[in-house]
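A.B. asks: Could you have a look at this structure, given as structure tokens, before my questions?
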Number of protein chains: 2
Amino acid sequence: MSAGSQSSVFLSPSQFLAHWQGHRRVTRRVIEAFPEAEVFGYRVEPMRPFGEIALELLAMAAPTVRGVATGDWEAYASPEASTREELLRLWDEATNEIEELWPQIPAGRFQERMTAFGQYEDVGRNLFLYVIDNEIHHRGQGYVYLRALGVEPPAFWERD
Amino acid sequence: MSAGSQSSVFLSPSQFLAHWQGHRRVTRRVIEAFPEAEVFGYRVEPMRPFGEIALELLAMAAPTVRGVATGDWEAYASPEASTREELLRLWDEATNEIEELWPQIPAGRFQERMTAFGQYEDVGRNLFLYVIDNEIHHRGQGYVYLRALGVEPPAFWERD
């Protein structure tokens with residue numbers, strides 16, 4: 001093989017966005033799948049309820065896009081919600097904000113080093129990979145909660 | 001922004017490989033963190049023990065690289081192990097096989113449509129994204145098992 005085969009594209013920015021929003025649709029369905037009383041009321045000891053996990057995911061997602069796009073890394077937003085409906089509303093707002101801001105990310109930012117939220121130094125692509133991986137990781141924990149509650153979770157492979 | 005900003009590279013093939021092997025090091029540490037009796041003996045009902053999950057991950061990882069690299073999609077390998085040490089040995093063999101085969105993947109295969117294992121039709125990049133996402137998803141479940149067993153899991157963000 002020529003060395004050139006490894007300088008090709010694995011994933012373009014718009015392909016990453018589509019992949020991420022597909023995962024975010026799955027996470028939205030996981031939030032929806034929790035019975036209202038359990039979204040902030042149930043947990044597998046000693047872990048957090050899934051509602052608190054969802055708030056962490058919201059604190060990272062759109063703010064990371066905003067930071068990479070604009071260089072404006074405000075302090076971690078602390079979104080607040082105490083019901084499933086409030087979480088879903090925040091989720092949809094974040095979906096729209098990500099969709100709007102993503103095309104504004106300058107070419108090259110994905111390979112450029114920066115400091116996110118005043119403390120995490122890495123290249124842009126790794127900041128986003130951390131956000132999506134953290135979402136998949138914690139959502140997998142949500143699947144355990146749902147199974148333990150006797151609720152069938154949404155299909156992992158269904159992203160539409 | 002110009003349209004060109006979205007045709008740049010989010011992730012190159014070698015960047016994806018490095019990212020994946022970093023995750024695989026975390027998963028290896030999760031396998032190691034289970035007490036020997038619990039790797040195939042413990043589960044959160046109604047889910048599988050983590051040892052069985054790890055065997056699923058092994059059945060997908062190196063065989064997908066081999067398939068995309070060579071077009072040879074043999075039937076799902078069914079790796080067998082019943083102890084933590086056997087799992088770790090299979091894990092290390094897969095790590096080496098992935099490392100060897102990855103540079104042989106022809107340029108363009110990541111954006112090319114193909115049928116994996118005779119049944120999953122998608123472009124190369126999505127087949128690999130499925131493999132890594134499935135690993136992160138199920139490993140997150142392993143973290144719940146470890147926490148429930150009173151074992152501190154390895155740091156999610158430590159990839160070396």
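A.B. asks: Could you identify the single residue in A:Glu45, A:Glu32 that is surrounded by fewer than 16 Cβ atoms within 10 Å (Cβ to Cβ) and within 18 Å of the chain's Cα centre (by Cα)?
C.D. replies: Selected residue: A:Glu32, the only one of A:Glu45, A:Glu32 that is surrounded by fewer than 16 Cβ atoms within 10 Å (Cβ to Cβ) and within 18 Å of the chain's Cα centre (by Cα).
A.B. asks: Check B:Met60 against each of (1) in contact with a Pro (Cβ under 9 Å, 6 or more places away or on another chain); (2) away from chain A (no Cβ under 12 Å); (3) of a type in the set (A, V, I, L, M, F, W, C); (4) touching a residue at least 60 places away in the same chain (Cβ under 8 Å) and name the one condition it does not meet.
C.D. replies: Only one criterion is unmet by B:Met60, namely (1).
A.B. asks: Please specify each residue of the range A:108-140 satisfying the condition of being touching a His at 6+ places or on another chain (Cβ under 8 Å) and either touching a residue at least 12 places away in the same chain (Cβ under 8 Å) or part of a loop (DSSP other than H, G, I, E, B) (or both).
C.D. replies: The answer is A:Ile132, A:Glu135, A:Ile136, A:Arg139.
A.B. asks: A further question follows. Hey, among B:Val123, B:Val131, B:Val144, which residue is under 16 Å from B:Ala18 (Cβ atoms) and among the β-branched types (Val, Ile, Thr)?
C.D. replies: On the way: B:Val123 fails: under 16 Å from B:Ala18 (Cβ atoms); B:Val144 fails: under 16 Å from B:Ala18 (Cβ atoms).
Answer to the check: B:Val131.
A.B. asks: Considering the range A:63-73 alone, what residues qualify as being within 13 Å of chain B (Cβ to nearest Cβ) and either of a type in the set (Gly, Ala, Ser) or surrounded by fewer than 20 Cβ atoms within 10 Å (Cβ to Cβ) (or both)?
C.D. replies: Those that are within 13 Å of chain B (Cβ to nearest Cβ) and either of a type in the set (Gly, Ala, Ser) or surrounded by fewer than 20 Cβ atoms within 10 Å (Cβ to Cβ) (or both): A:Ala69, A:Thr70.
A.B. asks: Which residue, of A:Glu38, A:Glu85, is surrounded by 15 or more Cβ atoms within 10 Å (Cβ to Cβ), at pLDDT 95 or above, among the acidic types (Asp, Glu) and over 29 Å from A:Glu121 (Cβ atoms)? Reasoning before the result, please.
C.D. replies: Numbers: A:Glu85 fails: surrounded by 15 or more Cβ atoms within 10 Å (Cβ to Cβ).
Step by step, each of A:Glu38, A:Glu85 is checked, and only A:Glu38 is surrounded by 15 or more Cβ atoms within 10 Å (Cβ to Cβ), at pLDDT 95 or above, among the acidic types (Asp, Glu) and over 29 Å from A:Glu121 (Cβ atoms).
A.B. asks: Tally time: how many residues in the range B:60-89 are outside any loop (DSSP other than H, G, I, E, B) and either touching a Phe, Trp or Tyr at 6+ places or on another chain (Cβ under 9 Å) or more than 22 Å from B:Thr115 (Cβ to Cβ) (or both)?
C.D. replies: The number of residues fulfilling the criteria is 15.
A.B. asks: Take the conditions at pLDDT 95 or above and part of a loop (DSSP other than H, G, I, E, B) and apply them to A:Gly51. Does it pass?
C.D. replies: So A:Gly51 does not fit the description; no.
A.B. asks: Examine the range A:133-142 for a residue that is at pLDDT 95 or above and more than 18 Å from B:His137 (Cα to Cα), and state whether such a residue exists.
C.D. replies: No, because not a single residue in the range A:133-142 is at pLDDT 95 or above and more than 18 Å from B:His137 (Cα to Cα).
A.B. asks: Inspect the range A:74-94 for any residue being among the acidic types (Asp, Glu) and within 14 Å of chain B (Cβ to nearest Cβ) and give the result as yes or no.
C.D. replies: No.
A.B. asks: Do any residues in the range B:93-107 that are acidic (Asp, Glu) have Cβ atoms under 6 Å from those of residues that are assigned to a helix (DSSP H, G or I) and buried (at least 16 other Cβ atoms within 10 Å of the Cβ), where the two are at least six apart or on different chains, and which pairs are they?
C.D. replies: From the range B:93-107, the pairs are B:Glu97/B:Ala62.
A.B. asks: From (1) under 13 Å from the mean Cα position of the chain (by Cα); (2) over 25 Å from A:Leu149 (Cβ atoms), pick out the condition that doesn't hold for B:Gly71.
C.D. replies: Just one mismatch for B:Gly71, condition (1).
A.B. asks: So if I check each of A:Tyr130, A:Tyr120, which one is within 17 Å of the chain's Cα centre (by Cα), within 14 Å of chain B (Cβ to nearest Cβ), under 27 Å from B:Leu127 (Cβ atoms) and not hydrophobic (A, V, I, L, M, F, W, C)?
C.D. replies: One residue alone meets the criteria, A:Tyr130.
The values are calculated or read from the model by the stated rules, or taken from the named source; none is laboratory data. Being a predicted model, the structure only gives us computed values, none of them experimental. Every residue, glycine as well, gets a Cβ built from its backbone with ideal geometry; the counts of neighbours run over all protein chains shown.
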